1. Inter-copy label distances at A:R303, 7 Å along the Cα→beta-carbon direction, one decimal in nm, shortest first?
2. Average partner chain C-beta neighbours within 10 Å, per residue of B:13-23?
3. Would you mind getting the Kirkwood hydrodynamic radius of the stretch B:18-69 from its Cα pairs, rounded to one decimal in Å?
4. Considering only the label points, 7 Å along Cα→Cβ from Cα, what distances in nm to one decimal separate B:A203 from the same position in each other copy, shortest first?
5. So if R0 is 22 Å, what FRET efficiency would B:E235 and B:R183 give, r being the distance between their Cβ atoms, rounded to the nearest 0.05?
6. Quick one: Cα centre-to-centre distance for the stretch B:140-171 and the stretch B:178-209, in angstrom?
7. Considering the rotation that carries chain A onto chain B, locate the chain A residue whose Cβ comes closest to its axis and report the distance in whole Å.
8. Provide an ascending nm list, one decimal, of label-point separations from A:P284 to the equivalent residue in each further copy; define each label point as 7 Å from Cα along Cα→Cβ.
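Coordinate-derived values only; no laboratory data. Worth saying up front: this structure is predicted, and the values here are computed from it rather than measured. As a convention, Cβ positions derive from the backbone with ideal geometry for all residues, glycine included, and neighbour counts pool all protein chains shown.
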There are 2 protein chains.
Amino acid sequence: MTGKVYTGVFPIAPTTFDERGDLDLDGQRQVIDFLIDAEVDGICILANYSEQFALTDDERETLMTTILEHAAGRVPIIVTTTHYSTRIAAERSRRAQEAGAAMVMLMPPYHGTTLRAEEAGVAEYFRQVADAIDLPIMVQDAPMSGTVLSAPFLAQLAAEIPQLAYFKVESAGAAGKLRELIRLAGDRIDGPFDGEEGITLMADLDAGATGTMPSAMIPEVLGEVVRLFLGGERESAMALYDRHLPLINFENRQCNLRATKVLMEEGGIIGSAATRHPFLPLHPDTRTGLLDLARRVDPLILRWAR
Amino acid sequence: MTGKVYTGVFPIAPTTFDERGDLDLDGQRQVIDFLIDAEVDGICILANYSEQFALTDDERETLMTTILEHAAGRVPIIVTTTHYSTRIAAERSRRAQEAGAAMVMLMPPYHGTTLRAEEAGVAEYFRQVADAIDLPIMVQDAPMSGTVLSAPFLAQLAAEIPQLAYFKVESAGAAGKLRELIRLAGDRIDGPFDGEEGITLMADLDAGATGTMPSAMIPEVLGEVVRLFLGGERESAMALYDRHLPLINFENRQCNLRATKVLMEEGGIIGSAATRHPFLPLHPDTRTGLLDLARRVDPLILRWAR
């Protein structure tokens, strides 16, 4: 258990580039303002959906300070600080705390296809990060890391390291793992979170999730889904979710991190949907399919800047 | 084909840390002097055996400039510049050229378990790196990248991009791939290279390799093996190699990148064999096994600094 308990919707802000591939910091500030106007409970930055893997260390620092300064405490900001090296992950986390982050999020250590850590190494990694900061920590259980984090192991980590109070589960069988984790860890956990663009949100809420970290595509909708659910209105939550599921499904399976940027470009929030090579732009037909599904539900992302 | 053709032994310099985990630049210079005294044909830095995955961008820059300044042209230096982002890989390569590198080495783009590029993306990645520099480029075909690079694809890359003249193959079936690559690409390739601590060196030489990029453990031996082989003395090369194979095998299968540092610490070249967490130190029994096998062949690494 840590201090304030965060629940609700904490979308991931995409990292915005101009057509040449440089950081677009004006666009980045627009993204933050859009999310705050969408009444999110907080924002996560430098996550995988933010293309953290395509940034230099200097760019990470620039983005973090720019966003934290611009948010200026209006909403809590979660900064992703994963690195293969425990020392560097701890140092990144310390910098995030200094810069004003409300929380840090980390995957277990990984590099490429072949470097992973065993459970003892993963535990020590999170212990050293926790020792470096006073903030709560969200453990990100994502396929990117290629590391199996069992529910019993996560519950044990939560018991040993009080700062590890949030767990975003987006590996296969997320709902089952969240349910088991909550059973094992009980109130040692402040925030069992849903992830992966919200594609398993209803099952994860049913399993006990109290928050979601989706993309920034329809934050006003997913925030309302979580509020309705936590307020006991499961049928209304489900009806609202189901109406948007074709779009969420198309994002998750056809577009991934390009979906939000395309809609932000289309809605005039940012100037370019560019990603960095070798991450390729959406095929024009896929873009058309995304825009068609989005227009059917008229999301804020297409209206906010107009 | 590029200008000067490099053959022989190009060991990977380990990155040296002190017991606290800080860079040990004095030790780093000692490592370079040891390798030059071992009469290597060149040195590779910031490779996987150098724990490139456990460094910040600033540390990479510090190591590169320190080593290039210290080597001061005594031997050619190959700098590893892989990054998932094509743009950042090109920029790292440009910096390496400015700093005085003789060549850059890159794996195809990868990140974690899930991010890879298709062949068109890999080709474009190397094309953009080549456009950014005038140096020859070594393509590193290693399991770390989780990317299958077929011999026909590599031959096609070599044909399209003249700077891609060196190919270090250390994926499964290395000798077969080198043979096929040489058959397909002929003299478009300056350097088919062996890698992976030299564990497949004899088969790779038989297949046509003209150089090896092993660790810095027994560079004086592996350099002599390649020279003997290329000079037509295959039996002598094999006898020398076979005498050291128990040590090479123990390095490759029991120790990996920790082997060289342990022997350098034991030989007084560096002060500490430390690696960065979560990469763990060798178990004491494994260390004993390594030292026993090393002492049987009395390598320069144990004698040079004494």
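1. 8.1
2. Per-residue shielding by partner chains comes out at 1.
3. After inverting the pairwise mean of 1/r, the radius is 11.8 Å.
4. In nanometres, ordered from closest: 4.3.
5. It comes out at approximately 0.30.
6. A separation of 11 Å, based on Cα centres.
7. A:D57, 2
8. Those label-point separations list as 6.9 nm.
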